[in-house]
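The values are calculated or read from the model by the stated rules, or taken from the named source; none is laboratory data. Keep in mind that this is a model prediction, so the values were computed, not measured. For neighbour counting, all protein chains shown are included, and Cβ atoms are generated from backbone atoms with ideal geometry for every residue, glycine included. The protein model used for the area step is the full one, side chains on, heavy atoms only, and it has no ligands, DNA or RNA in it. Shrake-Rupley method; radii C 1.70, N 1.55, O 1.52, S 1.80 Å.
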Amino acid sequence: QKTYDWIKRKEYKNLIVILTLISVLTITEFLPIKGTADMSGYHNTHAMLLQSKGRVQDSLAYSKKSLALGGGYSDYAAARLSAYYLRQGKIPETIRYAMQIKDTSIAVCDKYNVLAELWTKSGKTSKAILLYEKSLQINAGQLAVWNRLQSLYEQAGQKEQAKKANKTIDYLRKLYLL
């Protein structure tokens, strides 16, 4: 009855609000919303908090839980784990976790960066350069990666590439200062 009265008095604002609310509730009821049942993000966040408190082993356990879930944020857990094992010098674990990052994920940059670091440490500069370049094709704003790449260009005697990388580094530094 109230709705009919609103129409008679031409109070469409109230009617629009109610219809919008009904539409939103209907959509959320019947359409699956990505990530609503996905706990991988929760486990990643908890892992970061634990690590910030110095509880490294607990942090690793939560990252592994996130990865095991195979959810939308599991690739970030694999990236964290591969970076951790790289810092520990555990090459097989580094590779195992890095290779679990899907090529369709934005976290694939971390995969390429970790593998490039492994190639750098083993003296395979050209392979490292290719992986860093691949990472930068996806996310060109990675200042640390540009710094590593510029250094590798110099080591490889690629002076022009090193100059171009240096210009990009200068540009990015200015952006980060904004």
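For the chain, what does the helix formula give at 222 nm: sum of -39500 (n - 2.57) over DSSP H segments with n ≥ 4, over the residue count, nearest 500 deg cm²/dmol?
Helix contribution divided over all residues of the chain: -24500 deg cm²/dmol.
Choose one answer from Y132, Y42, Y97: the residue with the largest mean-square fluctuation in a GNM of the chain with alpha-carbon springs under 10 Å.
Y42
Determine ³J(HN,Hα), in whole Hz, for all residues of region 161-171 in sequence, where each value follows from phi through the Karplus function 6.51 cos²θ - 1.76 cosθ + 1.60 and θ = phi - 60°; x replaces Gly and Pro.
So the J values, rounded to whole Hz, are 5, 4, 5, 4, 4, 5, 5, 5, 4, 4, 4.
Show the residues, 5+ positions off or on another chain, whose built amide H is closer than 5 Å to the amide H of I106.
So I106 has HN proximity to no qualifying residue.
Answer rounded, prolate or oblate for region 29-113, using the Cα gyration tensor with square roots of eigenvalues a ≥ b ≥ c: rounded when a/c is under 1.5, else prolate when a/b is larger than b/c, else oblate.
oblate
Using a Gaussian network model of the chain whose springs link C-alpha atoms within less than 10 Å, name the residue from D110, D58, D75 with the highest mean-square fluctuation.
The residue with the greatest mean-square fluctuation here is D58.
Among the listed pairs K65/K174; K111/K159; K90/K164; K90/K163; K53/K124, give every one whose C-alpha distance is greater than 32 Å.
K65/K174; K90/K164; K90/K163; K53/K124
Before I look further, what does region 58-97 give for accessible area per residue, probe 1.4 Å, in whole square angstrom?
With all protein chains present, region 58-97 gives 48 Å² per residue.
About its Cα centre, how strong a charge dipole does the chain have in debye, to the nearest 20, once Lys and Arg get +1 and Asp and Glu get -1 at the Cβ?
Dipole about the Cα centre, nearest 20: 280 debye.
Considering the dipole of the chain built from charges on the beta carbon (Lys and Arg +1, Asp and Glu -1) around the Cα centre, which of Y153, Q137, L177 is farthest to its positive end?
It is L177.
Return one number: the angle in degrees, 0 to 90 and rounded to the nearest 10, between the long axis of the Cα atoms of helix 40-52 and the longest principal axis of the Cα atoms of the chain.
50
Need the C-alpha centroid separation for region 122-176 versus region 52-95, integer Å.
26
Carbon and sulfur together cover what percent of the accessible area of the chain at a 1.4 Å probe radius?
59
Using a 10 angstrom cutoff on alpha carbons, build the Gaussian network for the chain and name the most mobile of K121, K65, K134.
So, out of K121, K65, K134, the one fluctuating most is K121.
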